[in-house]
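Novice: Quick one: the structure is below, and I'll ask about it shortly.
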Amino acid sequence: MDETLIDFKQLTLQETVEFMAGLDEKPFRARQARAWIFERGVSDFSAMSDLSKDFRHKLAQSARITQIKERARQVSADGTVKFLFELDDGHAIESVLIPDEKRRTLCVSTQVGCKLGCAFCLTGAGGFIRDLGAAEIIDQVIQARRLSPEGRVTNVVLMGMGEPLENYDNVLRALRVMTDEDFTIVGARRITLSTAGMANNIERLGREFPRVKLAVSLNACDDELRERLMPITRKYPLKRLIQALRAFPLPRGRRITLEYVMLAGVNDSMEDARKLIKIAKEFPSKINLIPYNAVPGAPFKRPAREVVEKFRKTVADAGLTAFIRDSRGADIMAACGQLHESQAGGVSAGV
Ligand code: SAH
Ligand code: SF4
């Protein structure tokens, strides 16, 4: 694929209109082409049959349309579907479609691997390979929609492989395109961005795209423990993180989700619960307790159910909203923290 061509899948409506103007074409051409891409999932200009042959040819000479390719699919006993997508350079990412009664939520990756190396996360253990482009982020939704029998994705969570705020520009572009006014792929209120706590870019997001829902992987409530679990704490200590969260411009009624992976004997004591309560009261929040999912080679265990329940009750009794979020898809390694490129590695090795 010619990398010098403009990638149509990562242009906003406005940018597409400008692009058409550059080709001496009218603005409605932008909508026409975008309908093919974002509604019908077409990735080839030649298939855009309501455009003249000449025009299709002209487009193909100056633009391209990224498409990620499905290489494998696994379906969990609970209905969760894990897609393995291959990128143009042969690397691979995973996206997980989680259906429930009301929603069909896609968990989207933002990087191949992750730089942040959290001690409990398999993605982190695999190291970092590269950022995803905006089109590769967007296309996970388009392809999951196209490939699943129901043909729908109602919600998106940026909680797959990678740290979204480490790949800020591409993620912001993907958010803008996915929520664009003409062919909205998902509304901003149905998108959740989860971060390990990069305070500077939380502030930037607050200025540039505060409509998205924000989730923060807190996981520990003092710097010493958090540094051991999440090395990014050295750069952004809790005080700094909390300052950024307090300043985040929340729409009316909206709360910040605090994710808390529960690790037996590490962060599950009543003292930990009290520290969590204190932090959670600093800004409008709700708490998701995620019982740890086993990761090969990691020295952690999931706490007993009673411990998790007691922790939740303690937090809830303090007047906070707290849920236990059992991850879906653990039988196919699709649960939180279990996504990894080397499973995908089968791609280059095996296909
Ligand atoms: N990098 C972002 C988003 C991807 S991780 C972030 O860290 O927020 C998505 C969630 O999975 C995070 O809340 C993380 O704390 C959680 N997670 C990671 N490893 C896990 C594991 N082994 N068990 C349960 N949850 C895990
Ligand atoms: Fe990266 Fe998030 Fe995993 Fe930490 S938890 S290593 S930030 S993907």
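Novice: Can you find a residue that is within 16 Å of ligand 2 (Cβ to nearest atom), open to solvent by 10 Å² or more (accessible area, probe 1.4 Å) and in a helix (DSSP H, G or I) anywhere in the range 124-146?
Specialist: Yes, some residue in the range 124-146 is within 16 Å of ligand 2 (Cβ to nearest atom), open to solvent by 10 Å² or more (accessible area, probe 1.4 Å) and in a helix (DSSP H, G or I).
Novice: Further question on the same structure: Which is aromatic (Phe, Trp, Tyr) and over 13 Å from Asp7 (Cβ atoms), of Phe45, Phe28?
Specialist: Phe28
Novice: Can you tell me which of (1) within 13 Å of ligand 1 (Cβ to nearest atom); (2) surrounded by fewer than 22 Cβ atoms within 10 Å (Cβ to Cβ) is the one Pro210 doesn't meet?
Specialist: Unmet condition: (1).
Novice: Of all helices (runs of 4 or more DSSP H) completely enclosed by the range 250-351, which ones contain at least 2 residues that are open to solvent by 50 Å² or more (accessible area, probe 1.4 Å), touching a residue at least 60 places away in the same chain (Cβ under 8 Å) and not acidic (Asp, Glu)?
Specialist: By residue number, 341-350.
Novice: Any idea how many residues of the range 321-331 are more than 19 Å from the chain's Cα centre (by Cα) and at pLDDT below 90?
Specialist: 1
Novice: Please verify whether Val171 is more than 16 Å from Ile93 (Cα to Cα) and surrounded by 19 or more Cβ atoms within 10 Å (Cβ to Cβ), treating the condition exactly as stated.
Specialist: In short, no.
Novice: In the range 87-123, how many residues are more than 14 Å from ligand 1 (Cβ to nearest atom) and open to solvent by less than 40 Å² (accessible area, probe 1.4 Å)?
Specialist: Selection size over the range 87-123: 6.
The values are calculated or read from the model by the stated rules, or taken from the named source; none is laboratory data. If you're wondering where the values come from, they're calculated on a predicted model, not measured in any experiment. We place every Cβ from the backbone using ideal geometry, glycine too, and count neighbours over all the protein chains shown. To get the accessible areas, we keep the full protein, side chains included, count just its heavy atoms, and leave off ligands, DNA and RNA. Shrake-Rupley method; radii C 1.70, N 1.55, O 1.52, S 1.80 Å.
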